[in-house]
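J.: Have a look at this one before I ask anything.
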Amino acid sequence: MKIVIFTNSEKLHAAEAAIEAAKILTAGGCEVSERDINDLSGFSPEIFDAIIVIGGDGSILKAAKPAAASGTPLLGINTGRLGFMASIERTELALLTKLVSGDYAISERMRIAGFVVRDGAVTSEVTATNEISAIRPVSKITDFVVSAGGAELDFHTVCAFRADGLLVAAPTGSTAYALANGGAIIEPNADCMELTPICAHTLSMRPIIFSGKTILRIENNLTAAYSESEPVQIVADGVFSANMAAGDTLFIKKSDKPLRLIDLKPNVFYESVNGKLFQSLKG
């Protein structure tokens, strides 16, 4: 079994966890290589049987894109604060023997894809495991119009509202930015997307959950003058991806490439919600 271990050296205890993990895997007959999560240049995920990321959710998200593109399963080991996407904690490294023996499950996490269209042509494409956000800098408000359609592109207006921005989250992202903005917690294996406004300037706008078969069309009604100086920014999993000028349209749909996560123990998600989320609320 050929495995690559990505480590976030900025996380406390990550380096020693990587050393211990490598020892366990090597003892089990695995071929192990190590890399820094902040250097993905030249990385070829398809040559590995599994990708291990030691760090927090941010580190796992960095490896999620190449992992999903190649279909290579990913295992997260948490050394961060929450680690909702991690399968085990750094204190549970002994469970890596289950990876060697094949005693594990694979869960597929739905991802989303976004396309910025200008004058009928796609100008930018993004994918995300957590969410795709449309926001303006310095908390400037924007008028959004959201429509929903299907494969036949028969779009119908769902809502129009004024807000600092909006985000569309995949189920995995429901416990991240979406939750912080009042969104619902969604089971990670659900086939749906969650639209959540960011500081909506209305009492009637609330998060909306759409089927994974739905395509969302998002328009911003900024005037050209405002759009040129302070355009709406498209951010995927916390990383700036593109600008959305006046007249542009953002389409968001289910990606055809899910993220395959390795689960070394059952009920990881519910354990995270009950243990990590409420623990964080307690401080």
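The values are calculated or read from the model by the stated rules, or taken from the named source; none is laboratory data. Every value quoted in this text rests on a predicted model; they were computed, and no experiment measured them. Cβ: placed from backbone, ideal geometry, glycine included. Neighbour counts: every protein chain shown.
Residues checked against (1) more than 17 Å from the chain's Cα centre (by Cα); (2) within 29 Å of TYR270 (Cα to Cα); (3) at pLDDT 95 or above:
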residue	(1), (2), (3)
ASP39	yes, no, no
ILE51	no, yes, yes
PRO66	no, yes, yes
THR72	no, yes, yes
ILE88	yes, yes, no
THR91	yes, yes, no
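J.: Which number in (1) closer than 20 Å to THR175 by Cβ; (2) touching a strand residue (DSSP E or B) at 6+ places or on another chain (Cβ under 7 Å) marks the one condition that LEU95 misses?
T.: Condition not satisfied by LEU95: (1).
J.: Sticking with this one: In the range 109-129, what residues are among the acidic types (Asp, Glu) and either crowded, with 16+ Cβ neighbours inside 10 Å or at pLDDT below 95 (or both)?
T.: ASP119
J.: Name every residue in the range 10-21 that is more than 21 Å from the chain's Cα centre (by Cα) and more than 10 Å from ILE52 (Cα to Cα), in order of residue number.
T.: Across the range 10-21, the qualifying residues are LEU12, HIS13, ALA14, ALA15, GLU16, ALA17, ILE19, GLU20.
J.: Return the pairs, sorted by first residue and then second, in which the second residue is surrounded by 13 or more Cβ atoms within 10 Å (Cβ to Cβ), the first residue lies in the range 104-119 and is on the phi > 0 side of the Ramachandran plot, the beta carbons are less than 8 Å apart, and the residues are 6+ apart or on different chains.
T.: ASP119/GLY247
J.: What are the pairs with Cβ atoms under 8 angstrom where one residue, in the range 2-29, is at negative phi and of a type in the set (Ser, Thr, Tyr) and the other, located anywhere, is assigned to a helix (DSSP H, G or I) and surrounded by fewer than 19 Cβ atoms within 10 Å (Cβ to Cβ)? Sequence gap at least six, or different chains.
T.: Every condition considered, the pairs that remain are THR7/ALA15; SER9/ALA15.
J.: So is ILE132 surrounded by 20 or more Cβ atoms within 10 Å (Cβ to Cβ), at pLDDT 95 or above and either more than 30 Å from PHE269 (Cα to Cα) or assigned by TED's automatic domain parsing to the domain that holds ALA105 (or both) or not?
T.: The answer is no for ILE132.
J.: Could you check VAL100 against (1) over 23 Å from GLY247 (Cβ atoms); (2) within 22 Å of the chain's Cα centre (by Cα) and say which number it fails?
T.: The single condition VAL100 does not satisfy is (2).
J.: Return yes or no: is ASN38 in the same structural domain as GLU271 (by TED's automatic domain parsing), crowded, with 17+ Cβ neighbours inside 10 Å, among the polar types (S, T, N, Q) and free of Cβ contacts under 8 Å to residues at least 40 places away in the same chain?
T.: no
J.: Name the residue that is farthest from VAL4 (Cα to Cα), counting only residues in the range 72-81 that are crowded, with 17+ Cβ neighbours inside 10 Å and in contact (Cβ under 8 Å) with a residue 40 or more places away in the chain.
T.: So the residue we want is GLY80.
J.: Checking the structure you have, find out if any residue of the range 149-164 is without any contact (Cβ under 8 Å) to a residue 60 or more places away in the chain and buried (at least 21 other Cβ atoms within 10 Å of the Cβ).
T.: yes
J.: Within the range 184-281, which strands (runs of 3 or more DSSP E) (wholly inside it) include 1 or more residues that are of a type in the set (D, E, K, R) and modelled with pLDDT of 90 or more?
T.: 192-200, 215-220, 249-254, 259-263
J.: Continuing with this model, one more query. Within the range 192-209, which residues are in contact with a Pro (Cβ under 9 Å, 6 or more places away or on another chain) and either under 15 Å from ALA170 (Cα atoms) or free of Cβ contacts under 8 Å to residues at least 24 places away in the same chain (or both)?
T.: CYS192, MET193, GLU194, LEU195, THR196, PRO197, PRO207
J.: On to the next question. Give the number of residues within the range 1-35 that are exposed (fewer than 14 other Cβ atoms within 10 Å of the Cβ) and in a strand (DSSP E or B).
T.: So the answer is 3.
J.: Looking at SER124, SER59, which one is outside the structural domain of ALA178 (by TED's automatic domain parsing) and among the polar types (S, T, N, Q)?
T.: SER59
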